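Trainee: I have a structure I would like to understand better, so I am pasting it below and will then ask my questions one at a time.
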Amino acid sequence: MRELSHSLDISVLLSTPDTFDQAISSGHDFDLVLLDLAGLSSETINKVDAYVAGNSGIPRLFSVDEEQLPSLRMPVQGRSDLILATASEAEFEVRLALLLWPGEETVPSDFVTIDNMTINLATYQVTIDGEPVDLTLMEYSLLSFLATHPSRAYSREALLHRVWGFEYCGGTRTVDVHIRRVRSKVGPQVASHIVTVRGVGYLFKL
């Protein structure tokens with residue numbers, strides 16, 4: 001997971017059955033649950049099922065031993081997948097990416113083009129109609145995160161964690177200020193994609 005957290009650019013919170021309750025009450029928003037089924041009690045599995053059901057059915061990836069396959073019952077609700085505990089790191093990365101970013105956004109590319117805006121993920125540059133946009137690093141990071149994770153609402157707290165990092169101690173108003181600055185800099189056409197979801201946060205609508 002440490003290696004994949006770098007290659008996929010994701011944050012990972014490791015948990016054991018004893019610390020699961022603490023993990024889900026930590027204030028972090030999670031996009032995926034990875035479950036190692038080896039020796040896991042039905043009580044813990046039920047806890048995970050309840051957490052997933054209460055959080056919009058976030059996807060699950062089950063790691064299983066081969067001898068568990070005949071008795072394995074996959075969840076009917078929500079998106080889920082399984083992987084053998086002996087699988088390669090490359091397969092692990094692909095299965096994680098397919099659950100985290102289903103659809104076309106899983107295709108690696110240094111360029112994201114939306115309407116008249118192009119984001120160069122390799123050089124941290126944004127252009128509108130071919131002209132560079134003067135964004136601060138945090139403004140760029142916020143815009144690029146939303147644009148590469150479209151059609152999903154993120155709370156202000158989740159954006160603080162994903163863009164500013166888990167250690168950021170500022171208030172959620174920081175997100176509103178940066179959203180306002182980004183909208184003003186990219187112009188009305190692109191700004192219309194950044195939608196405020198009342199009572200939740202923000203969503204990048206394609």
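The values are calculated or read from the model by the stated rules, or taken from the named source; none is laboratory data. Since this is a predicted model, take the numbers as computed values, not measurements. Every residue, glycine as well, gets a Cβ built from its backbone with ideal geometry; the counts of neighbours run over all protein chains shown. Note: areas computed on protein heavy atoms with side chains; ligands, DNA, RNA excluded. Shrake-Rupley method; radii C 1.70, N 1.55, O 1.52, S 1.80 Å.
Trainee: Name the pairs: first residue in segment 8-28 and in contact (Cβ under 8 Å) with a residue 12 or more places away in the chain, second residue acidic (D, E) and open to solvent by 50 Å² or more (accessible area, probe 1.4 Å), Cβ to Cβ under 7 Å, at least 6 apart or on different chains?
Mentor: L8/E93; G27/E157
Trainee: Mind checking which residues of segment 36-60 are within 18 Å of T16 (Cβ to Cβ) and in a loop (DSSP other than H, G, I, E, B)?
Mentor: L37, A38, G39, L40, S41
Trainee: So V126 fits all but one of (1) modelled with pLDDT of 90 or more; (2) open to solvent by 30 Å² or more (accessible area, probe 1.4 Å); (3) in contact with a strand residue (DSSP E or B) (Cβ under 8 Å, 6 or more places away or on another chain); what number is the exception?
Mentor: (2)
Trainee: OK, next. Could you list all residues from segment 154-205 that are surrounded by fewer than 17 Cβ atoms within 10 Å (Cβ to Cβ), under 22 Å from I119 (Cα atoms) and touching a Phe, Trp or Tyr at 6+ places or on another chain (Cβ under 8 Å)?
Mentor: Scanning segment 154-205 gives V195, T196.
Trainee: May I ask you to verify whether L142 is within 30 Å of G57 (Cα to Cα) and outside any strand (DSSP E or B)?
Mentor: Against the criterion (within 30 Å of G57 (Cα to Cα) and outside any strand (DSSP E or B)), L142 qualifies.
Trainee: I'd like the residue in segment 1-11 that is open to solvent by less than 60 Å² (accessible area, probe 1.4 Å) and hydrophobic (A, V, I, L, M, F, W, C) and, out of all such residues, is modelled with the highest pLDDT.
Mentor: Among those residues, the one meeting the criterion is I10.
Trainee: Considering every residue within segment 109-125, establish whether at least one is in contact (Cβ under 8 Å) with a residue 40 or more places away in the chain and part of a helix (DSSP H, G or I).
Mentor: No.
Trainee: Contact list please: Cβ distance under 6 Å, first residue in segment 66-95 and β-branched (V, I, T), second residue surrounded by 14 or more Cβ atoms within 10 Å (Cβ to Cβ), pairs at least six apart or on different chains.
Mentor: Listed pairs, sorted by first residue: I83/S63; I83/R95.
Trainee: Quick check on my filter: what residues within segment 149-206 are under 25 Å from L8 (Cα atoms), in a strand (DSSP E or B) and not small (G, A, S)?
Mentor: Y154, I194, Y202, L203, F204
Trainee: Give the number of residues within segment 129-153 that are in contact with a Leu (Cβ under 8 Å, 6 or more places away or on another chain) and open to solvent by 70 Å² or more (accessible area, probe 1.4 Å).
Mentor: Total satisfying the criteria: 2.
Trainee: Turning to a different aspect of this structure: Of all residues in segment 20-39, which are modelled with pLDDT under 85 and acidic (D, E)?
Mentor: D29
Trainee: It is to be established whether one or more residues within segment 100-107 are of a type in the set (D, E) and either in contact with a His (Cβ under 8 Å, 6 or more places away or on another chain) or at pLDDT below 85 (or both). Steps first, answer last, please.
Mentor: Of segment 100-107, the ones of a type in the set (D, E) are 104-105.
Keeping just the survivors that are either in contact with a His (Cβ under 8 Å, 6 or more places away or on another chain) or at pLDDT below 85 (or both) gives 104-105.
Within segment 100-107, one or more residues are of a type in the set (D, E) and either in contact with a His (Cβ under 8 Å, 6 or more places away or on another chain) or at pLDDT below 85 (or both).
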